[in-house]
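Quick notes on the structure that follows.
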Amino acid sequence: MSILLSGGAGYIGSHTAVALLQAGQDVVIADNFCNSSPKVLDRIEAITGKRPALIDADLCDREAADAIFRSHTITGVVHFAGLKAVGESVQKPLLYYRNNLDSALTLLEVMQAHGCRQFVFSSSATVYGDQPAPLHEDSPTGGCSNPYGWTKFMIEQILLSACAADPALSVVLLRYFNPVGAHESGLIGENPNGIPNNLMPYITQVAVGRREKLTIFGNDYPTPDGTGVRDYIHVVDLANGHLAALNYCAAHTGCEIFNLGTGHGVSVLEMVETFESVNHVAVPHVIGPRRAGDLATVYASAEKAERMLGWKAEKTLADMCRDSWNWQSKNPNGY
Ligand code: NAD
Ligand code: UFG
């Protein structure tokens, strides 16, 4: 009896694989490695002493997805597989809608055919659009500013409809805020292709000398220091949230939504200063114009996950900065 992690070779999936294996669960990873490396399996094994089963498969391929369920007894699925680059989704919307919607629908159909009913979905705070913080699970959704965000919104709608039609289904939608950090071993971490879009990998690549300087996108937001505020969450805390969600799925039916965040906002300048002081390394930076589509302030209400899942983020901003740097400095060019 195994948990299937679709996209489990990626950043969040690999940390979740470690958490599940350490909790004594059997894990099957299915990934097409379009944004990850099979080398992550060696690293997961080095950390846990266990090697998850690996299936090289595109989850949009119905036959390949079906074969996973024929060869393994899958009791629950965590669906990480998806494309996630906001800017690329604007350039290539059809690719994003096809890959993200098709992989979710294919997995759900195959699960139905095999009587597997527990599904945890990687959604995103982006579904809240520009609603004011703190964001609650019942805050209005929609109004996404890019196709990536709409894929998350649409998959949430698909899952709500599927649960309404089948009372035996058990679905948890996890809306992640801003995952950063890495496993404390420095063996697994975030490994973006090309120029990073996100703040933390950009900071670590500047600190390690791969990029000259960080550009802070605007210092004229209505925030305490003028720079954007986000709810950064350590990826190991996030991974543990999936364990809690799977336990919840096993004990409940229906569709439940949880934010996974800390409930605290941190500004870009605060992040840069904390990174520099914790790691004793310089992050040269300049102030540039705002980035189109960015919001001033995004942070979660983290109360529901604590109350209903018994989960809350434990790690500090200093932990996030230390572990991101540990990963980057040990793996300056990724895997
Ligand atoms: P990631 O790119 O590191 O991992 C996604 C994995 O899915 C990759 O290994 C990729 O190769 C795989 N994949 C993509 N399409 C596939 C397909 N059709 N078949 C098989 N494998 C496929 O991304 P991540 O940061 O680990 O994110 C995991 C999930 O969480 C994604 O769905 C993402 O949208 C969501 N999410 C991420 C963030 C974030 O900031 N990292 C925030 C909110 C939500
Ligand atoms: N930032 C910079 N310079 C950079 C990169 C980012 O100043 O080089 C700033 C941004 O303006 C923002 C903050 O750092 O204020 C965080 O930016 P990220 O790109 O790291 O994260 P976002 O909050 O913009 O986006 C993230 C995910 C999206 C997801 C969204 C949900 O990348 O996939 O959270 O809220 F949709």
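The values are calculated or read from the model by the stated rules, or taken from the named source; none is laboratory data. Only a predicted model underlies this, so the values are computations on that prediction, with no experimental measurement involved. Reconstructed Cβ throughout: ideal geometry from the backbone, glycine too, with neighbour counts over all protein chains shown.
The set of residues from region 196-254 being away from ligand 2 (no atom under 13 Å from the Cβ), assigned to a strand (DSSP E or B) and surrounded by fewer than 19 Cβ atoms within 10 Å (Cβ to Cβ) comprises just one member, G254.
Only one of the listed residues (I68, I3) is assigned to a helix (DSSP H, G or I), more than 9 Å from ligand 1 (Cβ to nearest atom), among the hydrophobic types (A, V, I, L, M, F, W, C) and touching a residue at least 60 places away in the same chain (Cβ under 8 Å). That residue is I68.
The single condition from (1) over 27 Å from V180 (Cβ atoms); (2) touching a residue at least 12 places away in the same chain (Cβ under 8 Å) that E63 fails is (2). Does V120 fit the bill of being free of Cβ contacts under 8 Å to residues at least 60 places away in the same chain and either within 13 Å of ligand 1 (Cβ to nearest atom) or part of a helix (DSSP H, G or I) (or both)? Criteria not met by V120. Is it true that L160 is surrounded by fewer than 21 Cβ atoms within 10 Å (Cβ to Cβ) and of a type outside the set (S, T, N, Q)? Taking the combined requirement at face value, the residue satisfies it.
Listed here are the residues, each with its yes/no results for (1) within 16 Å of ligand 2 (Cβ to nearest atom); (2) under 22 Å from S324 (Cα atoms).
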site	(1), (2)
H15	no, yes
Q22	no, yes
K50	no, no
A65	no, no
K84	yes, yes
Y96	yes, no
E109	no, no
S122	yes, yes
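Scanning region 81-91 finds one or more residues that are modelled with pLDDT of 95 or more and touching a strand residue (DSSP E or B) at 6+ places or on another chain (Cβ under 6 Å). On inspection, H280 fails the criterion of being surrounded by 17 or more Cβ atoms within 10 Å (Cβ to Cβ) and more than 22 Å from the chain's Cα centre (by Cα).
Residue count for region 39-71 under the criterion of being crowded, with 17+ Cβ neighbours inside 10 Å, under 18 Å from G24 (Cα atoms) and not aliphatic (A, V, I, L, M): the result is 2.
Considering only region 158-179, I want to know if a residue exists there that is touching a Phe, Trp or Tyr at 6+ places or on another chain (Cβ under 7 Å) and in a helix (DSSP H, G or I). Within region 158-179, one or more residues are touching a Phe, Trp or Tyr at 6+ places or on another chain (Cβ under 7 Å) and in a helix (DSSP H, G or I). Exactly one residue out of I29, I44, I55 is assigned to a helix (DSSP H, G or I), touching a Ser or Thr at 6+ places or on another chain (Cβ under 9 Å) and modelled with pLDDT of 95 or more: that is I44.
Against the condition among the small types (G, A, S), in contact (Cβ under 8 Å) with a residue 60 or more places away in the chain and buried (at least 19 other Cβ atoms within 10 Å of the Cβ), how does A168 come out, does it pass? The answer is no for A168.
Within region 255-268, being in a strand (DSSP E or B), surrounded by fewer than 24 Cβ atoms within 10 Å (Cβ to Cβ) and not charged (D, E, K, R) holds for C255, I257, V266, S267.
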